[in-house]
Amino acid sequence: MKRSILQTDEHSCFLCERNGNGDPLEKHHAFGASNRWKSEEDGLFVYLCGCRCHRDGPFSAHQNADTARYLHEIAQEAWEREYGSREGFLARYGKNYLTAP
Ligand SMILES: [Zn+2]
Ligand SMILES: [Zn+2]
């Protein structure tokens, strides 16, 4: 199975480092919808506490715009480091998530 390029420890939450006891970890893809399979292929996913940090909590990836933005930014940075260029990222994902300098 493809490994994450964002997270080396897949047994603790990427955001809060809890180990999933009582709130099992779930896989979150940095880019969803039509880019979800590319996130899977490219290793742009992290493991998060299913309820607290992934789906339901006030700071969770699917409820909180700042958390989602943070994950988009680190995913784009990691992609560019791992696979090449800004142009390559734009061609593949269709959007620049890093604010211009
Ligand atoms: Zn998710
Ligand atoms: Zn967590």
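Applying the condition of being of a type outside the set (D, E, K, R) and open to solvent by less than 20 Å² (accessible area, probe 1.4 Å) to segment 40-53 and asking which residue is farthest from ligand 2 (Cβ to nearest atom) yields Gly43.
When Glu17 is tested against (1) touching a Phe, Trp or Tyr at 6+ places or on another chain (Cβ under 9 Å); (2) open to solvent by 60 Å² or more (accessible area, probe 1.4 Å), only condition (1) is not met.
Which one is least open to solvent (accessible area, probe 1.4 Å), of the residues in segment 71-101 that are outside any helix (DSSP H, G or I) and touching a residue at least 12 places away in the same chain (Cβ under 8 Å)?
Leu98
If only residues of segment 20-39 that are more than 9 Å from ligand 1 (Cβ to nearest atom) and over 18 Å from Ala78 (Cβ atoms) are counted, the one that is surrounded by the fewest Cβ atoms within 10 Å (Cβ to Cβ) is Ala33. Residue check, Lys2 against (1) within 13 Å of the chain's Cα centre (by Cα); (2) open to solvent by 20 Å² or more (accessible area, probe 1.4 Å), all met but one. Which one? With respect to (1) within 13 Å of the chain's Cα centre (by Cα); (2) open to solvent by 20 Å² or more (accessible area, probe 1.4 Å), Lys2 is out only on (1). Scanning segment 22-70 for residues that are aliphatic (A, V, I, L, M) and not in a strand (DSSP E or B) yields Ala30, Ala33, Leu44, Ala61, Ala65, Ala68.
The values are calculated or read from the model by the stated rules, or taken from the named source; none is laboratory data. All of these numbers come straight from a predicted model, not from anything done at the bench. Cβ sites come from the backbone with ideal geometry, for glycine too, and all protein chains shown count toward neighbours. When the accessible area is computed, the model is the full protein with side chains, heavy atoms only, and any ligands, DNA or RNA have been set aside. Shrake-Rupley method; radii C 1.70, N 1.55, O 1.52, S 1.80 Å.
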